[in-house]
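Take a look at the structure set out below.
The numbers here are math on the coordinates, done by the rules we state, and not lab data. A quick note: this is a predicted structure, and the numbers were derived from the prediction, not measured. With ideal geometry, Cβ positions are generated from the backbone for all residues, glycine too; neighbour counts draw on all protein chains shown.
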Amino acid sequence: MPKINFSHNWNNKLITNIFTTIRKSVPEKDKYYFNNLNKVFNIYESEKLTNIKAKLLNIDTRRFVDCDNYLLMLDIGEINMPKQKEIFKRFGIDLNTMIIILTFERI
């Protein structure tokens with residue numbers, strides 16, 4: 001079964017039925033997700049297996065600057081745009097970085 005790791009349960013999204021994760025686009029990782037579209041993933045938090053399983057429903061790629069504030073707010077639970085940018089910068093994402101947005105459905 002494919003797996004995905006979350007370093008932190010931002011906005012407690014892992015307890016919701018539908019959740020997203022925004023990641024820096026990296027060709028080999030992007031390929032992994034595209035190859036596992038519509039498959040069920042084991043969800044890890046801080047490298048530890050959780051009891052959560054979720055189906056990868058959708059994949060979207062775009063530049064970070066083209067991501068609307070509403071999605072960022074829901075994804076990480078921060079409404080302040082400068083703070084959002086600061087959080088994503090820790091993951092190597094700036095305004096012109098290509099990102100991949102993964103949408104999961106908890107099962």
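Here are some notes:
- Nearest-20 debye value, segment 1-73 charge dipole, Cβ charges on Lys, Arg, Asp, Glu: 180 debye
- Counted by neighbouring Cβ atoms within 10 Å, the residues Asp30, Asp66, Asp60 run from fewest to most as Asp66, Asp60, Asp30.
- Lysines whose Cα lies under 16 Å from that of Lys85, excluding same-chain neighbours fewer than 8 positions away: Lys24
- Couplings 3J(HN,Hα) of segment 9-17, computed from phi: 8, 3, 6, 6, 5, 5, 8, 8, 6 Hz, in residue order, whole Hz [Karplus 6.51 cos²θ - 1.76 cosθ + 1.60, θ = phi - 60°; x for Gly and Pro].
- Contact order normalised by residue count of segment 1-62, Cα under 8 Å, 6+ apart, percent: 42 percent
- Distance between segment 1-55 and segment 63-107 - C-alpha centres, whole angstrom: 15 Å
- At full extension, Leu71 and Lys24 could sit 15.4 nm farther apart than now, given 0.36 nm per residue minus the alpha carbon distance.
- Long-range tail of P(r) for the chain (Cα pairs > 20 Å, %): 36 percent
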